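Here is the structure we will look at, set down as structure tokens.
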Amino acid sequence: MDPYIKAFTGKIHFHRHRVFYGSKRKVMTYEKCLKNFIIYRGIGFARGKINLGTLDVLELQGSLRGKEEAVNRKLIDKKIATINERNEFRSFFFFLKKEFPESYHRIPFVKSERPDFILRYNNQILGIEITEAIDGEDAKQRAKVYESDLRGRKPGAIEQYVDSIPNPPLDKSKIPIERLIDKRVKDKREKFEEFQRVDREILVILANHDEFQDSRDEEKVRRFLERKGSLEKAPFTLVVLNLTRGLYVHYRWDKGKVVPNKSVGSRKKASRPMERKLEKNQGKNKRE
């Protein structure tokens, strides 16, 4: 193994665990997740930049130039994060950019459990839970692809490969995307009762499907959710997104209807980050 790649991925492993999974998890922002590394070996050097959450390689220079695929493979060989963990961060950052387009990179958050992320905005604590609309067969296919030669590719490669696989027999047809989303809403509606209490809760569902790629699909999902009434008693509003298509929609229940929800950050400017309260909230969550 190239000594620069080995040293680079070793540093990534150390800093990622320290930030998100150490004994004292830090209050982070999108900006703080973008980490620069410099490695010296004798008279040579290598420089790199990576997103510690998504593990997307953003820049490689010096002796690491042109070795993005090898870095990705090494990251996965060290099992720093699964594709599900990486997609969780990708979905969360996509959510931040859509809801807070002017201030997303400065908004403080902590990586948590139940819900997955806790952030502060305009004197409110928001809980963000991430899940995925995927059935059992797709999950099995993804696991196989994850172990294959596609495992180091950029986001979307695995989903595109899965979509290219011939359709299964008629007796094993896929579950329609609107039913997968509705099932996730129902499942999480019950589980949210066990989550840490916050001022506002949002469920984010990743739906990297060809069945969810334009405004017609948004409307199809909206009508189905409205007919089923799944959001009526839900403690959260619902975000459904497709990372490969760049599609994003935020739903809420209002007087018997499912309607598009205005962005959380569309009303006011973001207030100054208050990291102490987030840290206190995180400490309380650990004790519980």
Elements of type strands (runs of 3 or more DSSP E) in the range 40-129, at least 2 residues being among the small types (Gly, Ala, Ser) and modelled with pLDDT of 90 or more:
44-51
Quickly run through the range 1-30 and pick out the residues that are over 16 Å from Asp77 (Cβ atoms) and among the polar types (S, T, N, Q).
Ser23, Thr29
Count of residues meeting criterion [over 23 Å from Val110 (Cα atoms), under 23 Å from the mean Cα position of the chain (by Cα) and either part of a loop (DSSP other than H, G, I, E, B) or modelled with pLDDT under 55 (or both)] in the range 241-288:
5
When you go through Val239, Val204, Val198 one by one, which is the residue that is touching a Ser or Thr at 6+ places or on another chain (Cβ under 6 Å), aliphatic (A, V, I, L, M) and under 30 Å from Asn123 (Cα atoms)?
Val204
Within the range 135-158, is there a residue that is modelled with pLDDT of 95 or more and under 14 Å from the mean Cα position of the chain (by Cα)?
no
Based on this model, can you work out whether Ile80 counts as of a type in the set (A, V, I, L, M) and open to solvent by 40 Å² or more (accessible area, probe 1.4 Å)?
no
How about the range 9-33: which of its residues are over 25 Å from Glu68 (Cα atoms), open to solvent by less than 40 Å² (accessible area, probe 1.4 Å) and in a loop (DSSP other than H, G, I, E, B)?
Gly22, Val27
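The values are calculated or read from the model by the stated rules, or taken from the named source; none is laboratory data. Since we're looking at a predicted model, the values are computed, not measured. Here Cβ is always computed from backbone atoms with ideal geometry, including for glycine, and neighbour counts include all displayed protein chains. Protein only, heavy atoms only, side chains kept; ligands, DNA and RNA dropped before computing areas. Shrake-Rupley method; radii C 1.70, N 1.55, O 1.52, S 1.80 Å.
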